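The values are calculated or read from the model by the stated rules, or taken from the named source; none is laboratory data. Quantities reported herein were computed from a predicted structural model and do not represent experimental measurements. With ideal geometry, Cβ positions are generated from the backbone for all residues, glycine too; neighbour counts draw on all protein chains shown. All accessible areas refer to the heavy atoms of the entire protein, side chains included, with ligands and DNA or RNA removed. Shrake-Rupley method; radii C 1.70, N 1.55, O 1.52, S 1.80 Å.
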Amino acid sequence: MEQDRPRPSSTPENLRVLVISGSAREGSLNARLAALAADAVRERGSTADLTDVRELDVPGYDGDREHRDGLPAGALRLKERLETTDALVIASPEYNASMPGVLKNLIDWTSRIRPQPFHNRHTLLLSASPSMSGGNRGLWALRVPLEHLGAHVYPDMFSLAQAHQAFTAGGRLADGTLAARFTDNLVNFLNLVEAAKHYPCVKKAWVEYLGERPDPAFDRTEETVEA
């Protein structure tokens, strides 16, 4: 008889998710979106670790400073939290059609740690903005360094347009259609993370989701597949 194996469900359980707000401003729209994501993770039986770039504060990257003083505490804290989680969610504002410098700087410092903690990390990107684009251009910029570092960035990003009018007094999304899309996006992401956790073969199939075939001659994902 075939051995029973865990099956992914529409309500992922027993996952640990690190949720970061990329805004340093207290009460920012992206902090509210990050809090909403953390609540949604907990409502589905998983654990959410909610933080922001203020708590993970690092100085401007300087190679001489790194050589002299080593890695800053904020980068080490992020590394420790990444290593104890199954997935990463970032809610980031858009600054001049790109990501905030403080968030990029945190990524740059943390990437200096070995082993590099973003590698193979399942990541979901969110944004909130008063603009009609919802900060989406900033997320496309944020994908670049994360994917370069080997993170598995989920293809479907969520951008909340006119975010200054989007939240209820209780921190929920006022529009039912948007709320459903937000929840579906998050649950689909968590389902993928759960499947990857219980079925290592998903690591081999990842690039196929993006329309490519794994090839051991050049594909990094294929090379990291567990036997």
_Label-to-label distance, nm, for residues given as TYR199 and ARG172 (7 Å Cα→Cβ offset)_ = 3.3
*Percent of accessible area on segment 55-162 owned by carbon and sulfur, 1.4 Å probe?*
49
*Calculate, for SER131 and ARG42, the FRET efficiency according to 1/(1 + (r/R0)^6) with r their C-beta to C-beta distance and R0 22 Å; round to the nearest 0.05.*
0.15
*Amide H partners (placed H, <5 Å) of ALA128, local residues excluded*: SER92, LEU160
*Spin-label proximity, ASP57 to segment 100-123 - amide N less than 19 Å from point 7 Å beyond Cα toward beta carbon*: 100-110
*Amide proton proximity set for ALA87, modelled H, under 5 Å, gap of 5+*: ARG16, LEU18
*Provide the packing ranking of 79-91, 136-148, 62-74, i.e. peptides ordered by the mean count of other C-beta atoms within 10 Å per residue, highest first.*
79-91, 136-148, 62-74
*With each pseudo-label sitting 7 Å past Cα toward Cβ, what's the GLU80-TRP140 distance in nm, one decimal?*
3.9
*asked:* I need the semi-axes of the equivalent ellipsoid of segment 7-154: take the C-alpha gyration tensor, multiply each eigenvalue by 5, square-root it, list largest first in whole angstrom.
replied: 24, 19, 14
